[in-house]
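Colleague: One structure, as structure tokens, below. Some questions next.
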Amino acid sequence: MAREIDIKKGLDWTTVWIYIILLGIGLINIYAAVYNVDNPKPIYSLDHNAGKQILFMGLAFFIIMVILFVDYKVYDTFAYLFYGFWILVLILTIFIAPDIKGSRSWLRFGGFQFQPAELAKTITLLALARYLSTQGISVTKFKDLLRACVLIFLPPLIIILQKETGSALAFGAFIIILYREGLPGVYPALILAFIALFILGLVFEGQIWIVLLGLALVAVLFWYLFLKRYERNRQNLQRVIGLFILFSGFVMAIDFALNNVFAPHQQKRIMVLVNPDVDPLGAGWNISQSKLAIGSGGLFGKGWLQGTQTKFDFVPEQSTDFIFCTVGEEWGFVGVFVVIALYFILITRIFNLAEKQKFKFARIYGYGVGSILFFHLLVNIGMTIGLIPIIGIPLPFLSYGGSSLLSFTILLFIFLKLDAHRSYKV
């Protein structure tokens, strides 16, 4: 009984209420996305995704109770065991999962499916937090950083073998954790530079010389304008030239990668990012219809169940990856603002709670939770408005799907359990 009282006192109820509100917003928009005017069914009907989502929500609340009443030390003590077991699950999934649209990443249990790749982020985060919280470990040491990178990138490599690229890319959020734990800022800066060059390479496809000329100009300006006179030595000159060669090689490799590495459907999705008219009835259809749906909502939206783009299924996967379109069309700018504001409050609160942790394991894990949620939010909304290629990443707590909802719930409430312990009087 004492433990139950402690949890009630220590649990961050602001975060819990934001979680519940997001679930509610998700449910009514999932129902709107699957609503059939000719054959309307109640929201709790199991004949559509909204009814199934209610079941998943019930299961999520049960899992929350289990997480809150399990000793918090379990998550630290058995982190490596969880990690090793889940690596085996991911490997087995490649061989036993059915082929669904070219991907072998879903395990079937009766009438339901589960995607192990979703929970892999939480399991990996636990293992990473355990490793980085070990005394004497520091990401400023090359060997320690290398081991941390192995922990991070082994699961996404296996997930890529399952042909589930979107879920694998989500592990990129872990760079925020490493940066918080002391990783030099040059590494995140390099990643952003490569992303920018990749986009420029797409924009100037066939005219790569423009990008190379721009790189040369930047190198010269950096040498003469940003480096002080006493810093213009041979060593720094070699670094500038080395970076110029590295970036130039990357830009020239983009065309090769597009034609020889990415699958045809991935090539189209990437090219649609810079030119939606490349494949207007194929890869460009989702983005154009998505932007049309969001833009048509105006300031206050068309009203619940009144969205024409939603009602007539113009946007595929609108209850899952494109649920944000339904919010934009039926609730307008005001609805979009409220949803984004809720996510902003949730993520910033998680980061703030992470900073208050007494134990390094809890702090690292908390930063991981905030980073993963931020990455999903950024990518999901980015792809619905045409700023990021479509890579199939759900919107946390809003998108339909048991794998997504349960995995994000476990991710969040393990941290709330760790945070609640901060206030325990034992």
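Colleague: Taking the condition of being surrounded by 12 or more Cβ atoms within 10 Å (Cβ to Cβ), out of contact with any strand residue (DSSP E or B) (no Cβ under 9 Å at 6 or more places or on another chain) and in contact (Cβ under 8 Å) with a residue 60 or more places away in the chain, how many residues in the range 64-100 meet it?
Modeller: Of the residues in that region, 13 qualify.
Colleague: Further, regarding this structure: Within the bounds of the range 282-296, is there any residue that is in contact with a Gly (Cβ under 7 Å, 6 or more places away or on another chain) and modelled with pLDDT of 85 or more? Break it down stepwise before answering.
Modeller: Taking the range 282-296 first, the residues in contact with a Gly (Cβ under 7 Å, 6 or more places away or on another chain) are 287, 291, 293-294.
Still in the running and modelled with pLDDT of 85 or more: none.
No; the residues of the range 282-296 include none that is in contact with a Gly (Cβ under 7 Å, 6 or more places away or on another chain) and modelled with pLDDT of 85 or more.
Colleague: Test of understanding: among Phe56, Phe61, which residue is at pLDDT 90 or above, over 22 Å from the mean Cα position of the chain (by Cα) and open to solvent by 20 Å² or more (accessible area, probe 1.4 Å)?
Modeller: Numbers: Phe56 fails: over 22 Å from the mean Cα position of the chain (by Cα).
Result of the check over Phe56, Phe61: Phe61.
Colleague: With (1) in contact (Cβ under 8 Å) with a residue 24 or more places away in the chain; (2) open to solvent by 70 Å² or more (accessible area, probe 1.4 Å) as the list, and Lys141 as the residue in question, which single condition is left unmet?
Modeller: Failed condition: (1).
Colleague: Is it the case that Gly182 is open to solvent by less than 40 Å² (accessible area, probe 1.4 Å) and not in a helix (DSSP H, G or I)? Explain how you work it out, then say what you get.
Modeller: On the way: open to solvent by less than 40 Å² (accessible area, probe 1.4 Å): yes; not in a helix (DSSP H, G or I): yes.
So Gly182 fits the description; yes.
The values are calculated or read from the model by the stated rules, or taken from the named source; none is laboratory data. These figures come from a predicted structure and were not determined experimentally. We place every Cβ from the backbone using ideal geometry, glycine too, and count neighbours over all the protein chains shown. Surface accessibility is based on the protein's heavy atoms, side chains included, excluding ligands, DNA and RNA. Shrake-Rupley method; radii C 1.70, N 1.55, O 1.52, S 1.80 Å.
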